[in-house]
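The values are calculated or read from the model by the stated rules, or taken from the named source; none is laboratory data. None of these values were measured; they are calculated from a predicted model. Methodologically, a virtual Cβ is constructed for each residue, glycine included, from the backbone with ideal geometry; neighbour enumeration extends over all protein chains shown. Remember, those area values only see protein heavy atoms, side chains included, never the ligands or the DNA or RNA. Shrake-Rupley method; radii C 1.70, N 1.55, O 1.52, S 1.80 Å.
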Amino acid sequence: MRNLIYLLATGWCLWGMASCGSQTQPTGQADFGMEIPLKHTVRNSDIFASYPEGFFRLDSVLVVLSPRIGDNFGRLISLKTFQEIGKFGAKGKGPTEVIWTFPFAYTGSDSTFMAYDLPSRSVISYTLVNRGDSLTMRAHDKQRVDQGDVPLQDNTKLCRIGDDHYMGQCFHAQDHFFSLLDKDFKQIGYFGNSPIPESITNAGDRLQGCMNAGYGISIFTPYELPYIGCYAMQDGKPVKLWEDDFAEKIYRVNNGVFSHDKDRGRGTTLYTAISPRYIYVLWNDETVLQYYERSHKGGQPGGKVVFIYDHTGNRIARLNLDEEIYLITVSEDERTLYGLTGSEYALVTFDLPETYPAIK
């Protein structure tokens, strides 16, 4: 679903680029120091998945969610053996059933994660439980999400912020970019700025992105711009801690419409992960046009670049992977990067450095 929405919007944008008359908007190239090459190890070449919408670490397992495969769309992979040790997920309209879910785990919490069910506009939670020699996730009754005065434009994207609040992408205005929801998923306000200074009419299409949360912070990274914003709750209010461009931002705005520079625009953010000290951004380094063309040939482009920040916004490193991957997560001790490849969905790992060189 994420790729379908992205490709339809990108195709329209690329088709209309020839008529864009405004100047390209550039920003400076970010410095992450020396590139660190990493080699992969295949751990499981036969993960049961189909265009997964979620991949994350939860307690002692890796969770893979593939809503399009029907019942048992969730698979649990052991962190010790890398083999499947459980499955879960019922499709339907009942109180503990879903149609199409998008997970938003909170890294560093207990053995529970939440997912947004798009058709019912509801949130469902799952808790990891033992079932004999295997594990499963127990589903809890769904909760309806309040759409508020200005409905979320991209309802698939929710994220926890603080202990008892949530944020969602609404693209309401330049300084009302996110919706703020309380613990019962009732909309109570707006906050946050757009990743670009221009006011555009197609923000709901062009500025969709990844949201993630863990260890007291929440992050947002647009798919189509090399930008990251970090937020937290302070004194009961959402606060932006920092923001950064991790590569050169190149785009056009013509009559309030955002589009790409087909010749120079490059880079697509694919997924993010959070560990106790760091933030990881998986990035495809091709031009937007190359990414679009590969996707339309039936492939699922992944990325080979991972940018690393610490929680205070310092740039730490740029990793160059030897294998293209589509989704990532990281071990609690920050020594292993887990990835799913974009074609055959093999589970691979990369050994991460114990320390990173200082950026000069």
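Hey, if you put +1 on the Cβ of every Lys and Arg and -1 on every Asp and Glu Cβ in the chain, which of 52, 303, 284 ends up farthest toward the positive end of that dipole? Projecting each Cα onto the dipole axis, the largest value belongs to 52. Once the 1.4 Å probe is applied to the protein heavy atoms, region 289-360 comes out at 42 Å² accessible per residue.
Based on every Cα atom in region 267-312, Rg and the maximum pairwise Cα distance Dmax equal 12.7, 40 Å. Values of log10 I(q)/I(0) for region 30-152 across q = 0.12, 0.20, 0.21, 0.23 Å⁻¹ run -0.51, -1.10, -1.19, -1.38, by the Debye formula with one identical scatterer at each alpha carbon and no solvent. Counting only protein heavy atoms and a 1.4 Å probe, tell me what percentage of the chain's accessible area is made up of carbon and sulfur. Here it works out to 47 percent.
The shape of region 184-314 can be summarised by an equivalent ellipsoid whose semi-axes, obtained from the alpha carbon gyration tensor, come to 26, 19, 13 Å from longest to shortest. Solvent exposure of residue 291, expressed as accessible area, is near 10 Å², computed with a probe of 1.4 Å over the protein chains only.
Around residue 268, what is the net charge, scoring Lys/Arg as +1 and Asp/Glu as -1 over all other residues with Cβ under 10 Å from its Cβ? Value of the local net charge: -2. Take the eigenvalues of the Cα gyration tensor for region 38-106, scale each by 5, and report the square roots as semi-axes in whole Å, largest first. So the equivalent ellipsoid measures 23, 12, 11 Å along its semi-axes.
Farthest toward the positive end of the dipole of region 137-239, out of 145, 177, 199, is the Cα of 145, where the dipole comes from beta carbon charges about the Cα centre. Taking the square roots of five times each eigenvalue of the Cα gyration tensor of region 297-360, the equivalent ellipsoid has semi-axes of 24, 13, 10 Å, listed largest first. Dipole magnitude for the chain: computed about the Cα centre from +1 point charges on Lys and Arg Cβ and -1 point charges on Asp and Glu Cβ, it is near 520 debye. Per residue of the chain, the DSSP helices (runs of n ≥ 4 H) give a summed -39500 (n - 2.57) that works out to -2000 deg cm²/dmol at 222 nm.
Taking the inverse of the mean 1/r over every pair of distinct Cα atoms in region 119-232 gives a Kirkwood hydrodynamic radius of 15.2 Å. Between beta-carbons, use under 11 Å as the cut-off and find the net charge around residue 30, counting Lys and Arg +1, Asp and Glu -1. Computed value for this residue: -1. Around the amide H of residue 58, modelled in the peptide plane, lie the amide H atoms of 63, all under 5 Å away and 5 or more residues distant in sequence or on another chain. Over region 73-144, consider all pairs of different Cα atoms and compute the Kirkwood hydrodynamic radius from their mean reciprocal separation; express it in Å, one decimal. One over the average 1/r among Cα pairs gives 12.7 Å for region 73-144. When the Cα convex hull of the chain is projected onto planes of every orientation, the mean area is 17.3 nm². Take the alpha carbon gyration tensor of region 222-284, find the square roots of its eigenvalues, order them as a ≥ b ≥ c, and report rounded if a/c is under 1.5; if not, report prolate when a/b exceeds b/c, else oblate. Taking the square roots of the gyration eigenvalues as a ≥ b ≥ c, region 222-284 is oblate. For residue 237, the aspartates and glutamates whose Cα comes closer than 20 Å to its Cα, not counting residues fewer than 8 places off in the same chain, are 146, 149, 163, 164, 175, 182, 184.
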